[in-house]
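The structure appears below as structure tokens.
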Amino acid sequence: KTPAPITGSQSAAPTSESQAPAPIRTRPVNPAEREAMIREAAYYLAEKRNFDSRFDQENWAEATRQIDALLAERGQA
């Protein structure tokens, strides 16, 4: 049997409520994982500055801000 065609009053598209992605539930990041994330972010910041050691503390501080903001956004801070 052939399905009936969709008319203007019917909709094949899901409602806006069903289109919203389900929240991702993740476990909290432990201190060692957070530090590893900061270390990696600091590495990439240092790479952009050609590994100039004068910026080590600044790179670490900026990486810490970035990772903490990311974790806060995810509700893991």
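The values are calculated or read from the model by the stated rules, or taken from the named source; none is laboratory data. Worth saying up front: this structure is predicted, and the values here are computed from it rather than measured. With ideal geometry, Cβ positions are generated from the backbone for all residues, glycine too; neighbour counts draw on all protein chains shown. Just the protein is used for accessible areas: all its heavy atoms, side chains included, with ligands, DNA and RNA removed. Shrake-Rupley method; radii C 1.70, N 1.55, O 1.52, S 1.80 Å.
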| request: Search the range 55-77 for residues that are surrounded by fewer than 16 Cβ atoms within 10 Å (Cβ to Cβ) and pair each with any residue that is outside any helix (DSSP H, G or I) when their beta-carbon atoms are under 7 Å apart and the residues are at least 6 apart or on different chains. | output: ASP68/ALA77; ARG74/THR26; GLN76/THR26; GLN76/PRO28; GLN76/VAL29
| task | Kindly indicate whether ALA72 is modelled with pLDDT under 95 and either over 18 Å from the mean Cα position of the chain (by Cα) or assigned to a helix (DSSP H, G or I) (or both). | result | yes
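Can you find even one residue in the range 42-49 that is open to solvent by 70 Å² or more (accessible area, probe 1.4 Å), modelled with pLDDT of 95 or more and among the basic types (Lys, Arg)?
The answer is yes, given that some residue of the range 42-49 is open to solvent by 70 Å² or more (accessible area, probe 1.4 Å), modelled with pLDDT of 95 or more and among the basic types (Lys, Arg).
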